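Step one of this worksheet: look at the structure below.
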Amino acid sequence: MFRRFTYWYARLLTWLLVASVAILILPVSLQIFSRYTELIPSYIWTEEMARFFFIWSIMIGAMVGIREGTHFVVDLWPPLNPRAQAAIRLFASLIVLVFAGAFLWWGIDFTRFAFNRISELAELPLWFIHVAWPIAGATWIAFVGEQMWDDLQVLAGRRLPGKGAASEGSGGSA
């Protein structure tokens, strides 16, 4: 049940990433055209909107990267046996969990701080941009938790590598 949820949540995030990048093109294009042509007036709010969508694109991309096992990955070791690789991934996942916890914990305070504030130019609620941090932290915890479970199963000898979320068509760590 949890794997099905994370699978569909990851699919939703992928589409939201595509949408946020596509929408980001609009305010950036307006900025460019208004600076170099006199066809349209210079809009100040476009800079703020571009920043909002850029930040959301980054945060959603980081969430998708964690799910796919491509974010925070640096290959330092030569190919090892499956249990050793699982142990190294487990250690790395613990470090990612620390960062995820920080994003979640302090992201909630960050969002509370902005709850009754609005942006200067577009007059958008600032919590809308700040809530990306705790959402990213919670999402990382869910995705990394799933990957850690798979790695623990490999360490215990109950599952062959590649028989976790990735083999079920739901993504997962490499």
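The values are calculated or read from the model by the stated rules, or taken from the named source; none is laboratory data. Since the model is a prediction, treat every value here as computed from it, not as a measurement. Ligands, DNA and RNA are excluded from the accessible area calculation, which covers all protein heavy atoms including side chains. Shrake-Rupley method; radii C 1.70, N 1.55, O 1.52, S 1.80 Å.
At q = 0.16, 0.17, 0.20, 0.28 Å⁻¹ the log10 of I(q)/I(0) for segment 60-110 amounts to -0.56, -0.62, -0.79, -1.15, computed by Debye summation with a single uniform scatterer per C-alpha, solvent ignored.
Comparing mean-square fluctuations of S93, S29, S20 from a GNM of the chain with C-alpha springs under 10 Å, the top value falls on S29.
In the elastic network of the chain, a GNM with C-alpha springs shorter than 10 Å, the most mobile of R112, R83, R35 is R35.
Maximal additional length on extending the L76-F99 stretch stands at 6.2 nm, based on 0.36 nm per residue less the C-alpha distance. Sorted largest first by accessible area at a 1.4 angstrom probe radius, with every protein chain in place, the residues V18, V96 fall in the order V18, V96. Segment 89-107 and segment 120-141 have their alpha-carbon centroids 18 Å apart. Just to be sure I understand the curve: with the Debye formula and one point per C-alpha of segment 1-113, what is log10 I(q)/I(0) at q = 0.14, 0.15, 0.19, 0.20 Å⁻¹? Here log10 of I(q) over I(0) equals -0.80, -0.87, -1.10, -1.15. The GNM of the chain, with springs linking C-alpha atoms under 10 angstrom apart, assigns the highest mean-square fluctuation among I23, I135, I66 to I23.
Dividing the mean sequence gap of close Cα pairs (under 8 Å, 6+ apart) by how many residues segment 1-90 holds gives a relative contact order of 29 percent.
For segment 52-161, what number results from the quotient of the Cα radius of gyration and 2.2 N^0.38 Å?
Values: Rg = 17.3 Å, N = 110, 2.2 N^0.38 = 13.1 Å.
That ratio works out to 1.32.
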